[in-house]
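The values are calculated or read from the model by the stated rules, or taken from the named source; none is laboratory data. Nothing here was measured: the structure is a model prediction, and the numbers come from that model. So basically every Cβ, Gly included, is an ideal-geometry build from the backbone, and we count neighbours across all protein chains shown.
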């Protein structure tokens, strides 16, 4: 692996934007499938096709990064003694993309823009248990409803027939659930990062969000 490739991968590992996009990316599958199954106009098939291409493109990128990381690990193993190579032979296996890019490792706080730090200080603060439970229930409910909206042929029609309620248009309901689910996941990400940076600064007595 060249130094340029190593530096590029390292910059991706430190990117807060990539970590945030990683959280939102799975929702692209909901949108692509919804367009594919429920778009009524012919021209709406193009966004669906693009969504599918992005999904398969993401899979290809994942495999490519795994191969690059395996090559790097093998190069590192070649510098070890035979016994050390035997002990660390599993290190040369293909690694998941999230592990290769160290998505679970928080970005250095000095790389975060001030608006993100402000959002983290406001939305990431510890919630009371009732509010936290309500957010969790809302998160699971929105995901379940999104899945039903995508999988069922006529979800709102079925709901209207069962309850006698007026028939609601598909896309406004889907977009409301879609945005709600993403917003909850982002707030959860901010809370996770808030806890991490506060815990990291605790031994030194620093307050990472004091200046905001």
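For region 152-167, taking the residues that are assigned to a loop (DSSP other than H, G, I, E, B) and over 30 Å from the mean Cα position of the chain (by Cα), the one that is nearest to residue 37 (Cα to Cα) is identified as 167. Consider region 1-24 and keep the residues that are modelled with pLDDT under 80 and not in a helix (DSSP H, G or I). The one that is surrounded by the most Cβ atoms within 10 Å (Cβ to Cβ) is 1.
Does residue 117 count as more than 23 Å from residue 178 (Cβ to Cβ) and assigned to a helix (DSSP H, G or I)? Here the answer is yes, as residue 117 does meet what is asked. Could you please find all residues in region 166-175 being closer than 20 Å to residue 142 by Cα and in contact with a helix residue (DSSP H, G or I) (Cβ under 9 Å, 6 or more places away or on another chain)? Those that are closer than 20 Å to residue 142 by Cα and in contact with a helix residue (DSSP H, G or I) (Cβ under 9 Å, 6 or more places away or on another chain): 167, 168, 169, 170, 171, 173, 174. Suppose the filter is free of Cβ contacts under 8 Å to residues at least 60 places away in the same chain and either part of a helix (DSSP H, G or I) or over 14 Å from the mean Cα position of the chain (by Cα) (or both); does residue 190 pass it? So residue 190 does not fit the description; no.
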